[in-house]
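Here's the structure, in C-alpha cells; my notes come after.
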Amino acid sequence: MKLSLRVQFGALVATFLVCSARPALATADFVEHVATTQVFGEPAGVTMREPDVPREDEPVELWVRIGYSFFYTDVAIYYTLDGSDPTGAFGVAGPGTTVLRSSTGAIQFVRNEPNNIDWWRAFLSPSLRTYGTHLRYKIGAWHSGGGTEVFANNYGCSDGTCDNPAAPPTIFDFRVKLAWPGKGAPAVDHQLGYPPVYFWKEEAVIGNNFINVQLDQNGAVYDVYYPSAGCVQGVGTKNEGYVDGLDTFPPGLPLGNRGQMHVNQLMPGIRIDDVTYWLSNESAAGYSDISQQYSQQTNTVVTTQRLTAGGNNILVQQYDFAPKGVTYPNDDGGMPNRGLYVKRMVLTNLGPSTEVVNVYYYGDFAINGGDNFDTMFVDQPRGAMVAYDNTLRNTSSSGEYNPTTFSGYDKDVSVYLSVAMKTLSGAGGGGGTAATDSWRDTSTDNGQGWIGAQVTLPPNSPREVDFIIVGGFDDFPAAAGTYAFQMDGPIDWFLSQNMATLQQATDAYWQNWLSSGVTVDLPDPAWEELFERGLLSTALHLDGVNGGLIAGYHNGAYPFVWPRDAVYGGVTLARTGHTDEVRELLRFLRDVTFRGNEPWGRGFWYQKYTTDGYIVWSAPQVDETAVSPWGLRWYIDVTNDTPFLGEIGLGGFSTYRLLVADAARAMSEDSTIDSRCYYDDTFALMHGNNIWEDQFDLFIYTNANVVRGLRDAANLATQVGLPADAALFDSRANAIQGGVEARLDWNGENSDISQLGIVYPFQVISPTSSRASLLVNRFNGTATDNLGRNKPLVNTSGEFAGLIDRYWGDSYWDGTPPYQTLGQPTANPWFLTTAWYGLFFAERADYTANKTDIDVHKAKMDLCIANLGPAGLGAEQIAPKFGPGGSLLYPGQNDFVLQAAWPNAWESESTFVDGVMALVDYRPDARNNAATIAPKLPTGWSSMTFNNLRVGPHRFNVTAAESSVSSTQAIANTTGMSFSLNTTIRVPAGSTLDAVTQNGTPVSYSYNAAIGAVSLTTSINAPSVFLRVFFGTLGDMNCDGNVDILDINPFILALADPAAYQAAYPACKLENGDINGDGQVNVLDINAFVALLSGG
C-alpha cells in the first residue's frame, strides 16, 4: 500500500515538473547524509546511520534528507563491499557496485520536515550485517524528467549549479563491528548491558612479585595487586573484607563493597549462535567439566572447561601466569616493566563442523578502591583497553574505605591498567593479530568495557587467543603520560612475542627456584604437594620492589606487611635454603619500614605497613619487634653471612644496630613513644599487644618471643664482638624468662594456642615440662585454669573435630547468624592454630618414646590438607559448612571452606612448609660448620628424603628409613667439603642395639633407651655417609634367635636370590644379612658373616 501511494505521488510530481516552465525545478537542492546527525521526527538518539557504528546482526538504517519536495523523483544508494569507491549514476550501478533504488522500494519515503524537506530511509539487507563487512556508499537523487543527479553532501543545487560544483560525491564508510556481548547467559536480556559480578571458588594466586592476580575456579580475575605484591602508600581496596552471601565479612558489608584490588572482575567470554557465555559461568549456564590446578612445581594456573551450552562442544584451556625469569620489555625510559600478567586461552572445537565465534575480554574496573574515579580509553591499533585513576583525594572526604588507623588516607598516586588481546592462527605461536574491536566503538562508559575479535574454529584444530594485563604507576596524582611512557611499548612486545615460550620460561624459573632450595621425597604425595605449594605460595607474598612479605590476599586488610608474619615466613625460607629472599626481607625491615625514635635509637615496629614501609595500623607491637633478631639469626645460621651484620643501611646504621641492638632494647624496656609498651618490674614481663592484636596486657606468647629475641640478640652481639651487649641481652632474657615461668605457674591467662610458642618456635620452655604439659591439657579440656575454668581449644566433635580454635571466647568470626544456628559456640578454627598444635607435638617428639607425638603432628597436618581449597591453598580460618555437604560460600559444595583471607603467608602457607620440615628437624649452625637433624618418621612411613639442606656453603641430602630391625640415615654430601653433623636416629623404645655403624664401621654414640634415641656426631667428609642402627640380630638368617651354622644356607640363598630368600623365610628381614652395615646384602658381607659365626 505504501509503495502504490509513493508511485502515485511520484506521478503527480512528474506531471508538475513536465508542465513547469522552470527547468531548475527538475533538480534537488540538496542531498544530506551525516551519520551522527539526529533524524527529524525520531526519538532522541536515532541518527542518520542507525546505529552510526553498526555491529554484526544489528539492523542498520540509512536516513537521507533531501530538499525540496517535488524537485526530484528518485533516490539511490550505491555501495561496494571490497573497499573500493562505489561508482554509478541515475540508479545504474558501476562495476563492482550494488545499488538500492527508491523506485524498487529499497529506499522509502518516511516524512516531511517543514519547508518541504523530505526524509527517506533504507534498511540494509541482513547479508550486509556480518562481522567485518566493509561497506562504502554514496547517495544520490535526481529527477526522472531530466537534470543532474545531486549527491550527498552537496547543497544549493536547484538552480542547476551546486554551491560546490567541483565537489565529488561524499563516500561514506563503515565496517561492521563485533556484536555487543551483553550480560550473556543465563540472563533473559542477555544481549544487553554488561555481565554481573559473579565468582566461583576464588582461590588461586599467580604473580611475579611485582604484580599478583587472583582467579576464581573458572579463570576469571577478581584481584590485581599492583604496583607491588600488595599495597603501596596511596593505594587501597574497596573494603576490608568481601561480600559472598552467607560468608560476608565483616557481617553486614553492603553488596558491591568487596575488598578487591583495582578490579571488580576481568574475564574472557565466547559468543556463539548469538549468545555470549562469559567464563564466570553464572549458574553453570555455559560450561561444564571445569577443573583447575597449578601446573606442577610452578605458579602457573591451568583451568579447563568445555562450552557445552546450546549443543556446543568447545574445549577451553586457560594458562594464567605472570612472566618471571624473562627479559622484560622496557618503558620509554629504558626501565623494565615487570607489571605483566598473561592469560593464554586455547580453544579446540570438538564438534564435527567449523564454528565461528566471537571472543571477548571484559573488564569491570575499580582502580584504587572505587568505581567513581575510573576513566577508560582504547588504543585500537594495539587491541588494548586502558583504565586509570589519577585523581587526588582523601578518603575522609571521598567516602572510600580507609585502610589505616589514621583519620584519613591520601590517594595521591596514578594507577593504570591496560588489557590487550591478540589472536593466533594456531596454538603456541608468536606474533598474532591485535583485537581491534571494543566497547568504545559505540559506548562512552568509563567503568566497564571490553575488547574482542572473531575466531574461526575448524574441528579439532586448536586456536589460541592471548591476553595481557600491563600495569603503569606514578607516585603522584594527575599523571597523564603513564600509558604512553610505561605501557604501550610492553603491549607492542606482547603482540610480537610467543606467549607459550614465555610461559615455558616462567615455569622453568619457578621449577628452578624450588630445586635451588630444600626438596622432599615423601611416601604421601599430598605432603609433597603441601610442601611445594606452600613454598611457591609463600614466594608470591614477597614484594619484588622493596623486599617485604605481605600477610595474605582476598581481603582488603591483608595485602600489607606485618613484621611478625614476614619474619615467620622469612624463617621458613631460610630453613629451606631460599636465603636471597630472606636477606631482602631483612633489608626491608632495616631500611624501609618506619620506626619512631627513642632517646637511644629506633623504637618498636608498628603493627602493619605498606609494601613501601608506611605505617598502616599504628599499634605498637612488642612481639613484632622481638622476631627481628630471631629471623636474622636464622639467616646467619644458614648462610654464615656475618658481613651482613655490619652492612650499612639507608639510614646510615648497620644491620646489627637496627635489627639487633635497637630491637633488643625496644622489646625489653619502657617506650617513650607509646606508653602501652613498658617493662612491668613487678612481674618481670613486657606489657604490650598480644599476637592477635586485640588486647594489651602481659602475655605469655609475647614474652616468650622477647626471651627468644634477646637470646638471639646476645648470640649475634657475640658474633660481632660486643660482649657488653651480649651480657645485657642475656641478663634481660633471664629476667623475662623468670617472668614467663611465673606466669605459667600462675595458670590464669586465657587459653590461647599462641602460648605454645614457649616450645615452638621459641624453645624457651621444655616441651616435657609440667608447665608445657598443663597448657596442652588445658587446650585438650583435661585441665582447668587457676579458677577451675575449663577452656579447651581442641574441637572434639562435629565437622571441626580435631581442629584447633585460636583462643577461648574468640568471636572474630562468630556471634551472628547463621553461625550460632550451626552450633558454633566460638569462632571457627584456623589452619595456623591447627598446625601450631601439631608442631608442638613434633617438637615434643624429640623427648618422648616411639611415634605417638609425631603421629599427633601428622594428624593435624592431615586435617589441614583435608580443608585446603580445590587449588591446594590454605586460608586464615576454616569456615563451617552450611547444610549437608555444603559450604557457607557455596551451598551444595563440600570442597571450599576457606575463610577470612587466603592464601596467607604465615597463617597457612609457610607454616605448612614448617610442618613438613619438622619431620627432619633440621637446625644449621654455619658459623661452626655444623648442622643438627633429628628425623622422625610417622607411623606407616618407612622412609623419607630431604634434599639440599644448607649449612653455609654446604648442601646435603638425608634419607631416613626404618624397618623392623634397623633405622638408617643416608647422607649425601652434594657440595663436597666436610662439615659436622649431629644427628639422632630413632628406634623403638627399649630396643637392644646390635650395631651402630657409619659406612659399615662401628661409631661412638649415646643411647637413651627410654625413648629410643641414638645420638651421634660425625664428620661428613665423604660424598655419601650411611648411618645404621641395627636392633635385630645380625646374621640370624633363619630367624630362630641364634647366629650359628644353621644360618649359612639361608645366608647363601640371600646372596644368590634375595626374592627366593624372602619367599622361603617370610618372617625374616633380608637386611639381617647386611653384616658390614653398608646398606646392601652382597658378597662384601661374607667375611663379616664368617667372623660373626666365629665369634669375631
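Just so it is clear, none of the values below were taken in a lab; they were calculated from the coordinates. Quick caveat: nothing in here was measured; it's all calculated off a predicted structure. Virtual Cβ from ideal backbone geometry, glycine too; neighbours counted across all protein chains shown.
Our estimate of slack between E693 and F377, defined as 0.36 nm per intervening residue step minus the Cα-Cα distance, is 109.4 nm. Comparing T354, A713, N973 along the charge dipole axis of the chain, the residue lying farthest to the positive side is T354, per the Cβ-charge model. Peptides 467-475, 786-794, 220-228 ranked from most to least packed give 220-228, 467-475, 786-794, packing being the mean of other C-beta atoms within 10 angstrom over each peptide's residues. Taking other Cβ atoms within 10 Å as a rough exposure proxy, L340, L659 sort from fewest to most as L340, L659. Overall, the chain carries a charge dipole of about 900 debye about its Cα centre when +1 sits on the Cβ of Lys and Arg and -1 on the Cβ of Asp and Glu, all other atoms neutral. Rounded to the nearest 20 debye, the dipole size of the stretch 205-506 about its Cα centre is 600 debye, using +1 on the Cβ of Lys and Arg and -1 on the Cβ of Asp and Glu.
With 10 angstrom as the radius, rank M977, M944, M667, M385 by how many other C-beta atoms surround their C-beta, starting from the fewest. Display every interim value, and only then the final one.
Values: M977 11, M944 24, M667 35, M385 27.
Fewest to most other Cβ atoms nearby, the residues stand as M977, M944, M385, M667.
The label-point distance for L315 and D189, in a model that sets each label 7 Å from Cα toward Cβ, rounds to 3.9 nm. Measure nothing but the geometry: give the 0 to 90° angle between the long axis through the Cα atoms of 723-746 and the longest principal axis through the Cα atoms of the chain, rounded to 10°. Once rounded, the angle reads 90 degrees.
What is the local net charge at N349, summed over the other residues whose Cβ is closer than 15 Å to its Cβ (Lys, Arg +1; Asp, Glu -1)?
On the way: positive: R271, R306, R463; negative: D273, E355, E464.
Residues close to N349 contribute a combined charge of 0.
Here the gap between S283 and S496, fully extended at 0.36 nm per residue and compared with their Cα-Cα distance, gives a gain of 72.9 nm.
Seen from D681, the other residues with C-beta closer than 14 Å to its C-beta sum to a net charge of -2, counting Lys and Arg as +1 and Asp and Glu as -1.
Quick one: length gained pulling Y198 to T433 fully straight, 0.36 nm per residue minus the C-alpha distance? Write down the numbers at each step before the final one.
Values: separation 235, 0.36 × 235 = 84.60 nm, distance 2.98 nm.
Between Y198 and T433, full extension yields 81.6 nm more.
Highest mean packing comes first when the peptides 434-440, 58-64 are listed by Cβ atoms within 10 Å, giving 434-440, 58-64. Under the combined filter of DSSP loop state and at most 14 neighbouring Cβ atoms within 10 Å, the stretch 1033-1096 retains none of its chymotrypsin sites (Phe, Trp or Tyr not before Pro). Report, to the nearest 10°, how far helix 852-866 tilts away from the longest principal axis of the Cα atoms in the chain, using its own Cα long axis and a range of 0 to 90°. Computed tilt is about 0 degrees.
Could you pull out the pairs from K201/K860; K858/K1069; K238/K858; K183/K343; K411/K881 whose alpha carbons sit more than 32 Å apart here? Could the numbers behind the result be given before it?
Details: K201/K860 24 Å; K858/K1069 28 Å; K238/K858 39 Å; K183/K343 22 Å; K411/K881 39 Å.
Pairs exceeding the cut-off: K238/K858; K411/K881.
Of all lysines in the structure, those lying under 24 Å Cα to Cα from K138, and not within fewer than 8 positions of it along the same chain, are K177.
Arrange the peptides 71-80, 545-554, 934-943 so that the one whose residues have, on average, the most other Cβ atoms within 10 Å appears first.
Put in order of decreasing packing, that is 545-554, 71-80, 934-943.
From its DSSP helices (H runs of at least four residues, each -39,500 (n - 2.57)), the chain gives a residue-normalised ellipticity at 222 nm of -6500 deg cm²/dmol.
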